[in-house]
Amino acid sequence: MASDIHMPGPVCLIENTNTQLVVNPEALKILSAITQPVVVVAIVGLYRTGKSYLMNKLAGQQKGFSLGSTVQSHTKGIWMWCVPHPKKPNYTLVLLDTEGLGDVEKGDNQNDSWIFALAILLSSTFVYNSMGTINQQAMDQLQLVFKNQYVTELTDKIRAKSSPDANEVEDSADFVSFFPDFVWTLRDFPLDLEVDGQPISADEYLQNSLKLKQGTSPKDKNFNLPRLCIRKFFPKKKCFIFHQPTDWRKLRLLETMHDDQLDPEFVQQTADFCSYIFSKSKVKTLSGGIQVNGPRLETLVLTYVDAISSGDLPCMENAVLALAQIENSAAVQKAMTHYDQQMAQKVQLPTETLQELLDLHMASEKEAIEVFTKNSFKDVDQLFQKELADQLAIRRDHFCNENMKASSDRCSALLKEIFHSLEEDIKQGVYSIPGGYHLLMQTMNELKKKYFQEPRKGIQSEEVLHAYLSSKESVIDAILHTDQTLTEKEKEIEVQRVVAESAEAAAKMLEEMQKENQQMMEVKEKSFQEHLKQLTEKGEKERAQLMAEHERALSLKLQEQTMLLKEGFQDESRQLQREIKDLKYKMERRNSCILI
């Protein structure tokens, strides 16, 4: 599915039925057809807070995601709407609308936490939608997601690594690398954005609201925990406020109302929000700079939901490795398909020499490795590259065997055609006369010359000819010994000459065989070096990408530490300093590794 994506409306991606999360095959089929990189925007929040209205606006439609008009939650599970990106022609915008958190009809909030976690894991921009101002009540609402525990428990719902090192605890740096940008949307905002009589921006309002409170009492900790979570885990934060769109009695008609029927400020605020999402939301990217397209997003959905259904924690590392298994296997097949296509176009068997075939093989092999390198990632221990190398070696040997067979068949057919008249003359006794031996030798030399003049006989030319002449030795020897014009001495000399020629031909074939063996050894070495070269180049790029990610995480940590120091939170700053020290150690260790 390219830029002409046509989804008339959203479909359910993950159904939430009887406390079970189930992936919808219809939605997966849609994702599997999207080859473009995807920008994934997910929205969460308490039910009946107007999330779906904003998502419809992002889709460029008045209707689509169900708004509902009563206190009953409408969206169950996670709904998806894929539309062409309005500002990026080569990208697809994937909108995820989640069921309202804290729905009293559910009774159990366990699924709230999984919906919340999935929205974070799948999105590149995460929108948290709430009513009113950012106050302690707004923060406390986040407890609904985690069974009356604070948002910091999010790290107990998501893993960055499948098995962290014994001496290495997962910290915010592990999560910053894949957590989405955070956007807080405040609906029906009742206040003026001012502090001490001075106007402030919505972002400054959010920043002020995330300031921590001095103190160590349980009340202070409860106040600080959700704020610390947002500050530490989300790499980029943004805030939008919205005034009430219309009179509350008309809200149930919101999806049928045009902009000129709504509050002008609300219309402008909505436009500003959409403009920001369209221009600033990034492509969904995995660790190592791996851009996500439709099929990759499909795999992530399946991997995370399968983990939750089996009682495990959804783990980014496991999801990436599962994705890598699928794509690396496909990359091997793509590479081999490309190799076969190139060889089919270039090779005409038999080749005149082995080196000609090997040169064509090496050129096609190089391109095949490039195809694999382009389409593969996270090839742990280079297992798939080794598989590719093994398959290419099998193909090479197959072509060599086919080349020998084609040469042998071609030469045998030529000999049969060229020497057919000679064999008939021998049967008719043409050479069983005095002087017949010299006449036979003259004829054979002429026929051999004709044979050698034939093109594209291939690498079996000498061997097949030698085998053919060897099969005629008894007939030739009989004609030699019955030729009455030759003396015994001449016959003896002729026998010695024939033996010498045969030995010379055998030596020549042995030399050619040794040469071909040497060529095969050289091509195997060149193949190894080409794999190593491309693997090293890819490793360097991946290392540079990971270093950039670590640098980004380090920069965010340093910014957060500076803010904590300014706010006077020495203990939290020291904890962050330990994390910074650990991150720097990881960076130095990775920088010293040779990724081959």
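From the coordinates of this entry, Cα extents along the principal axes in Å is computed, and it appears in (1) 82, 50, 47; (2) 130, 53, 42; (3) 88, 61, 49 under the label (2). Pick out, from S52, Q355, V292, the residue whose Cα sits farthest towards the positive end of the charge dipole of the chain, with +1 on the Cβ of Lys and Arg and -1 on the Cβ of Asp and Glu. Final value for the positive-end residue is S52. 3J(HN,Hα) along segment 267-276: 4, 5, 5, 5, 5, 5, 4, 4, 4, 5 Hz, from the Karplus curve 6.51 cos²θ - 1.76 cosθ + 1.60 with θ = phi - 60°, whole Hz, x for Gly and Pro. The residues of the chain present an accessible area of 49 Å² per residue when probed at 1.4 Å with all protein chains retained. Counted over all Cα-Cα pairs of segment 287-385, pairs farther apart than 20 Å make up 51 percent. Taking the C-alpha atoms only, the angle from helix 218-233 to the longest principal axis of the chain is near 40 degrees. Once all protein chains are placed together, H398 keeps about 90 Å² accessible to a 1.4 angstrom probe. Once all protein chains are placed together, D306 keeps about 90 Å² accessible to a 1.4 angstrom probe.
Seen against the Cα atoms of the chain and their longest principal axis, helix 294-309 is set at about 60 degrees.
Axis of helix 570-592 versus longest Cα principal axis of the chain: the two differ by about 10°, to the nearest ten degrees. Kirkwood radius, segment 235-335, all distinct C-alpha pairs, inverse of mean reciprocal distance: 17.6 Å. The three principal axes of the Cα atoms in segment 370-498 give end-to-end lengths of 81, 27, 20 Å, sorted in falling order.
Ordering T246, Y276, M257 by Cα displacement along the dipole of segment 245-331 toward the positive end leaves Y276 in first place; charges were set at the Cβ atoms of Lys, Arg (+1) and Asp, Glu (-1). Summing Cβ point charges (Lys, Arg +1; Asp, Glu -1) relative to the Cα centre of the chain gives a dipole of roughly 2060 debye. The alpha-carbon positions of segment 193-279 define a convex hull whose volume is 166 Å³ per residue. Potential lengthening of the chain between N445 and T216 amounts to 71.8 nm, from the contour at 0.36 nm per residue minus the alpha-carbon distance.
Tell me, what % of the accessible area of the chain is carbon and sulfur with a 1.4 angstrom probe? Here it works out to 52 percent. Only one residue of S364, L186, G100 has its Cα farthest out toward the positive end of the dipole of the chain, where Lys and Arg carry +1 and Asp and Glu -1 on Cβ, and that residue is L186.
The values are calculated or read from the model by the stated rules, or taken from the named source; none is laboratory data. Model, not experiment: these values are computed from the prediction. Reconstructed Cβ throughout: ideal geometry from the backbone, glycine too, with neighbour counts over all protein chains shown. Note: areas computed on protein heavy atoms with side chains; ligands, DNA, RNA excluded. Shrake-Rupley method; radii C 1.70, N 1.55, O 1.52, S 1.80 Å.
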